[in-house]
1. Looking only at residues in the range 97-147 that are polar (S, T, N, Q) and farther than 22 Å from Ser194 by Cα, which one is surrounded by the fewest Cβ atoms within 10 Å (Cβ to Cβ)?
2. Restricting the search to the range 241-262, which residues are touching a Lys or Arg at 6+ places or on another chain (Cβ under 8 Å) and more than 20 Å from Tyr88 (Cα to Cα)?
3. Residues of the range 173-209 being part of a helix (DSSP H, G or I) and touching an Asp or Glu at 6+ places or on another chain (Cβ under 7 Å), which ones?
4. Within the range 11-27, count every residue that is part of a helix (DSSP H, G or I), crowded, with 16+ Cβ neighbours inside 10 Å and at pLDDT 80 or above.
5. Only residues that are free of Cβ contacts under 8 Å to residues at least 40 places away in the same chain and not charged (D, E, K, R): list them for the range 265-277, please.
6. Which pairs turn up if I take residues in the range 235-264 that are assigned to a loop (DSSP other than H, G, I, E, B) and look for partners that are among the aromatic types (Phe, Trp, Tyr) with beta carbon separation below 9 Å, at least 6 apart in sequence or on another chain?
7. Could you go through the range 307-322 and let me know if any residue there is at pLDDT below 95, in contact with an Asp or Glu (Cβ under 7 Å, 6 or more places away or on another chain) and either over 22 Å from Leu107 (Cα atoms) or surrounded by 15 or more Cβ atoms within 10 Å (Cβ to Cβ) (or both).
8. It is to be established whether one or more residues within the range 205-212 are of a type outside the set (A, V, I, L, M, F, W, C), crowded, with 23+ Cβ neighbours inside 10 Å and either within 20 Å of the chain's Cα centre (by Cα) or assigned by TED's automatic domain parsing to the domain that holds Ala306 (or both).
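The values are calculated or read from the model by the stated rules, or taken from the named source; none is laboratory data. What you are looking at is a predicted structure, and each value in this text was computed from that prediction instead of being measured. Every residue, glycine as well, gets a Cβ built from its backbone with ideal geometry; the counts of neighbours run over all protein chains shown.
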Amino acid sequence: MAPPKSRVTIKDVASAAGVSPTTVSDIVNVKGRVDPETRARVLKVVADLGWRPLRSARGLRTGRRGIIALCLPRRPRSGDSWVLTSDYDMRLTIGAVSAAMDQGQLLLMAPTPANDEDVARLEVDGVVLVDPEEGDLSRLALRRNGMPVVTVDRELGSDDPWWVGVDNKAAVSNMLDHLLDQGAQRVAMLTADSPWAWFEDTQAAYASWCAKHGFEKLTALVDRANPESTAAEASTVMLSSDTPPDAVITDVYGAALGVLRAARDLGLRVPQDLMIGSAVDGHVLETASPPITALDLQPMDVARAAVLLLERRINGDDNPAPVIVGEGYLRIRTSTQRTSAVRS
């Protein structure tokens, strides 16, 4: 058996190219002035020998580790919520991985840091923090330790411009307009009492839309930890009233399944008697019976944009501005398709 081949080093490259190790380092790190012919010769040797600089050594020279972290919120995982929340988080993760790879970065999946010790253990160049809460202690700890941070959606009460998201209000308004197109006259909303910008925006969009069209606001709260079961309870109360809604939307992922359950238990037909829409899309809604109309909030696009914005912040960009990737995509499915007519 042949002995294992030793790892190619920067000295091997320098010797084969007839230059010093310092010159090789300058060329691969795009530093200093090097004769074009020498640069081409060194790069050819690098390719021929298959040499790759050690990330740790490059970090010592540049002060960069080449690693960023994606920190997901500590979402409630009790009851029926794990499968529901993992769908959105997985798509965020895929988008972040794709963008990090394009930037030549490693991506670390990490829990949201709770204190300074958690931040110290991260050992990364920067963090993408998903869904910060108002007065978010994690972001404060990261900032206190000088860690560059970009958030997915803004933090309530903060004017920090380093965040990425979709136009939440426009997205929800588009869904409500679709329900109006389909003949809705009494639209209810199931939401949550949570200090996230998402809930503030969706509730504001619903209130504004109702005022614009002269509709009564009909709202009820559900528990984010158990969205399906609590939405079923709240919907049963609404739908059993003397003046029930003819459409229900919810901004809590998974709650639409509870609305569907309540409609079935009460003998209501979907969409003929009741239309159902979710402001957050996912596989469980697409495969429900009937499939539920939902908003695709572009988590992969948002994550990619967040990684690119974080790279700008790490590199010292001093002209930040929020990045809005779009208004989401309305995925119209059977649960709201009463007619093909379009409102004039």
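1. Here is the first cut: in the range 97-147, the ones polar (S, T, N, Q) are 98, 103, 105, 112, 115, 138, 145.
Of the ones still in play, those that are also farther than 22 Å from Ser194 by Cα are 98, 103, 105, 145.
Values: Ser98: 15, Gln103: 15, Gln105: 23, Asn145: 13.
Result: Asn145.
2. Step one: list which residues in the range 241-262 are touching a Lys or Arg at 6+ places or on another chain (Cβ under 8 Å), which gives 243-247, 252.
Hits for the range 241-262 are Thr243, Pro244, Pro245, Asp246, Ala247.
3. In the first step, residues of the range 173-209 are kept if they are part of a helix (DSSP H, G or I); the result is 173-181, 197-209.
Listed by number, the residues that qualify are Asn174, Ala197, Trp198, Phe199, Thr202.
4. Taking the range 11-27 first, the residues part of a helix (DSSP H, G or I) are 11-17, 21-27.
Within this subset, residues satisfying the condition of being crowded, with 16+ Cβ neighbours inside 10 Å are 12-14, 16-17, 23-27.
Among the residues that remain, those that are also at pLDDT 80 or above are: 12-14, 16-17, 23-24.
Within the range 11-27, residues that are part of a helix (DSSP H, G or I), crowded, with 16+ Cβ neighbours inside 10 Å and at pLDDT 80 or above number 7.
5. Applying the first criterion (free of Cβ contacts under 8 Å to residues at least 40 places away in the same chain) to the range 265-277 yields 265-269, 273-274.
Matches in the range 265-277: Leu266, Gly267, Leu268, Leu274.
6. The qualifying pairs are Asp251/Trp198; Asp251/Phe199; Asp251/Tyr206; Val252/Phe199; Tyr253/Tyr88.
7. yes
8. We begin by selecting, within the range 205-212, every residue of a type outside the set (A, V, I, L, M, F, W, C); these are 206, 208, 212.
From what's left, crowded, with 23+ Cβ neighbours inside 10 Å: 206.
Now narrow it down to the ones that are either within 20 Å of the chain's Cα centre (by Cα) or assigned by TED's automatic domain parsing to the domain that holds Ala306 (or both): none.
No: zero hits.
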